[in-house]
Each structure stands twice: as C-alpha cells, then as structure tokens.
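Worksheet: the structure to be examined is printed underneath.
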Amino acid sequence: SCALHHGNKFNNTAATRLCLKDILQSMADFCKQGLLLTTAWALGMPSSSHAFSISSYTTSLRSSALHHGSHPPHRPLASPLSPNHAETATTLGATHPPIFDFPLTTPATKAKSASSFERIDDAIMGGISLSSLRDVPYQPYASWSGVCRTDGGGFCGIRTLPFTEPLNATGADGLYLDCKLVSDDEAERRVWKMTVRTDSSRGEMVYQAEYDLGKAIAEAKNEAEESGEDRWARVVIPFDDFQLVRGPRLVPDGPPLNVTGGIFQIGMTLSKFQMAQNTTELDNFRAGYFDMSIKRIGFYHDSDSEVSLVASPRNVPDTLTKEEAEKKRPVLLKLLLPVAKLFFSEKANRRKSAMRILREDRKLNRAQAILFGVRCRKKSTGALSSLMKTCGILAVDAFRAVALTVLRIGLVYPLRLVGMVVRLVKQMLGMKVKPSLRE
C-alpha cells in the first residue's frame, strides 16, 4: 500500500486543483442562487419554485419483434415523472426527462440520488481499481471519480441498486447523460459504456452500449465557443445500440434489448475492454485517476417535429437498500460469496500489487519487501504491533494459497475438463457453443 501511495503524488495534486476549482464555482453559484431567490420572493413565488426538472415525453406503445418472457406482464412500472404538479411547457426538438437530476433538486434529494449507486469495480475479478459516485455539496452535479488500474483487471463501474419498481421506458428511444470529464482531456483513451438490466436477476449477463464521450465533449466545446456560454457534454445512447454481454464480451446471437417490461438497473463503466465476441483491449489505454462530473441521467424521446417539453418537480426513483439487495440474492450466491471473499480478498490483491511494484520497480527481493512493509507500519503502530500484523498477514496469505491450490485441483480443473468435453460434444453435434470468459 505504501508503494502504491508513493506513486500517486500527481493524483493528489490534481485533486487539489479540482478542489480549488469547486470552491470558486461554489462562490459563483451561491451568488447566482441568491439572485434567483430574491427574484422569486419579489414576484411572490415560493422559495422552492426554482427546483424544476425537465420531465415529460409523449407516451406511445413501442412495438418489438421479440418480447422476453422474463418480464412480469402486469407488474407496475415506476415512472421517473411526477404527474401531480403544474406543468410549464417549452418547445424543443426532443424531450429529455431526467431520472437522476443533480442540479434541480433539494440537497436531501440530491444526496439520495448519489446514494442510489453502488460501485462495481474490477475487484470482483481480482483487480485493484477503486471508484465511487459521491454527492458534491453546493454544486449542480455529482462526481464519479477513482483510480483505474490494469493490475488484475482494468475497469471501474457504478450501477444503481435495484429499483423497487422497474422504470417505465415506454415511448423512450434511449438514455442520455449530461457530464464533464474534469480530470483530463483524453476521453478517447478509455472505453465508456452504459449498462441496463431488464429483469430482476443479478446475473452476469446485461445489456451494454459503448458511447463516444470524446465526440460529445468536442461538440459541447464548439457550442460553448459559438454561444459564449458554458456547455455540458450530452451523450445520447439509443436503445438500439445496446447489446447483450457477458462480462466484457458480446453474447453471440443475443436477443435485442426490449424495455417494454421496464428497466430494473442502470450502470456506467470505464474500461480498457472493448465490446467484442473475444476479449479485446483498447490500445493506448489510459490508466490512473479520473473524475467525471455528472449532471443528469435520463430517458430521451426523439421526434421529427417540435414537441412540448414539460418541466415539473419529480422524485428520485426508490431503490432497495444494500441490505435488502443482499437478502434477495440467490441462496447459492449467498453461500459462495463468503468463500469468494476468502480467496479473492481486495486487500490481498492490493498487497500482491504492492509486492510486484517493490520487486519490479525497486528491485527488492521478497524478504526485503516484507521488511519494507514492517518498517512502514512501525512508524504509525509501533514495532511490536507492526511485526505481529505482518506475521498475521503472512499466515493468512499462506492459508489462502494452500486452500486455493486444493480448490483448483479438486474442483476448478475437473469442472473445466467437464466443460471442455461438453463443448466438444456440442460442436460435434453442430450445436451453438457459447464462448467462455477465459477465451
């Protein structure tokens, strides 16, 4: 951990610059907000009347060539719109009702929007990347930031906790995202994906679509230069672009996305893996620190003619709590998770990465690297405590290595052999064979 921290001085400097930028922006927004409230008071409007969100689209039945049988036919759908408020119409070429609207909500609602998301980084596959979505107080956005590392993985992700009721996407043509990449100007050196889940399962197969963040940022800059006003990049992802994936890989001949049964989960991913049938990595991938400011996430509806855009207050979709989501996991998954955490500990992965850095970059042998760790802990915990903790770590890691070897020999390798035989038989019979994630 000390070695990993030693290499991140640039990240701390970048974070300091961003912090100063947020402070200055807060001062400007405070003055602007005061002017709005003063105007509202002079006009006799309630002080909360500035909290509007753009929300309305024409609902029409969306025909589909294929309807998944997994969607409950009569389950109520939760709309991201609130129909019980007065409406204000404006004229635009497309409607964009937000699901999560960070600028135009109360602080409590804004915080609830941010807390609706959970991290899903590459720690699940042995990586050490780390990210989170956090509310930025007094700012009209949330921040998705972290450090993406390629050691053992290569992606960062967030997703909503399961919605208590599926979102009603009837009549919508896709999802949109209003955002800014504030950490750097190299969006094209990462693969950006949007994810949706159309059933209540927590399986590994979901629908994903890549989007060109660099292009959206360039368009926003051009518009800002022409208008002289600040512009957020708007990314539009049509539902037709989503494809069924298993991990980072496309499922061959997967059914098209069908949202008539509602959307149960929404997620975002930054990755070094491109969507393809075989594992494909992006050339010149930029690892390290990233920070994306997110203003809105929502549905959009295209129209060939101008339509009315309705603005009205709305609530954040309710999600299950983390405890409720864990209780709804399948029994087999509940039994396997403790075992998986034992063998694939995130702390153990970070120690392994730190050991590699010490041995490869600093040319230390294993014993010298261990002593380096003892000396680092000694400064904060004392010599005896540091020595005891090191011995405990070594004992746990040794047990984990032995148990993992036994598990591989007794279970993993036999299962792989059975899988290879089954795949071979299917190929001989001319049946379709799904590629494994290891290929």
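Less than 12 Å Cβ to Cβ from residue 320, Lys/Arg counted +1 and Asp/Glu -1: what total charge do the surrounding residues give? Kindly include the intermediate steps, with their values, before the conclusion.
Values: positive: 202, 322, 327, 328, 329; negative: 118, 165, 318, 323, 324, 326.
Summing Lys and Arg as +1 and Asp and Glu as -1 gives -1.
Give me the percent of the accessible area of region 323-384 that comes from carbon and sulfur atoms, probe 1.4 Å, all protein chains in place.
Carbon-and-sulfur percentage of accessible area, whole number: 61.
With bins 5 Å wide starting at 0, give me the P(r) of region 350-419 over every alpha carbon pair, in whole percents.
3, 15, 17, 17, 16, 10, 8, 7, 4, 2, 0
Regarding region 274-433, what is the average projected area of its C-alpha convex hull, in nm²?
With every direction weighted equally, the projected area is 20.1 nm².
Based only on the alpha carbon positions, what is the Kirkwood hydrodynamic radius of region 163-289, in angstrom?
15.9 Å is the Kirkwood radius here.
Taking a threshold of 22 Å on the Cα-Cα distance, which of the pairs 272/295; 272/328; 334/426; 112/347; 352/378 fall above it?
On the way: 272/295 24 Å; 272/328 31 Å; 334/426 31 Å; 112/347 29 Å; 352/378 20 Å.
Listed pairs above 22 Å: 272/295; 272/328; 334/426; 112/347.
Which whole-number percent gives the relative contact order of region 333-439, counting Cα pairs below 8 Å spaced six or more residues apart?
Taking the mean separation of contacting Cα pairs over the length of region 333-439, I get 15 percent.
Of the heavy-atom accessible surface of region 192-270 (probe 1.4 angstrom), what whole percent is carbon and sulfur?
44
Take the Cα atoms of region 221-307, build their convex hull, and give its volume per residue in Å³.
Convex hull of Cα atoms, per residue: 192 Å³.
Using a probe radius of 1.4 Å on heavy atoms only, what accessible surface per residue do you get for region 138-216? Whole Å² is fine.
30
Relative contact order, percent, of region 139-211 when contacts are C-alpha pairs under 8 Å separated by at least 6 residues?
This gives 18 percent for region 139-211.
Working from the alpha-carbon coordinates of region 107-195, get Rg over Rh, Rh being the Kirkwood radius.
Rounded to two decimals, Rg/Rh equals 0.98.
Net charge within 14 Å of residue 388 by Cβ-Cβ distance, Lys/Arg positive one each and Asp/Glu negative one each, not counting residue 388 itself?
+3
The values are calculated or read from the model by the stated rules, or taken from the named source; none is laboratory data. For clarity, every value in this text was computed on a predicted model and none was experimentally measured. Cβ atoms come from the backbone with ideal geometry, glycine included; neighbour counts cover every protein chain shown. Side chains are part of the model used for accessible areas, which takes the heavy atoms of the whole protein and leaves out ligands, DNA and RNA. Shrake-Rupley method; radii C 1.70, N 1.55, O 1.52, S 1.80 Å.
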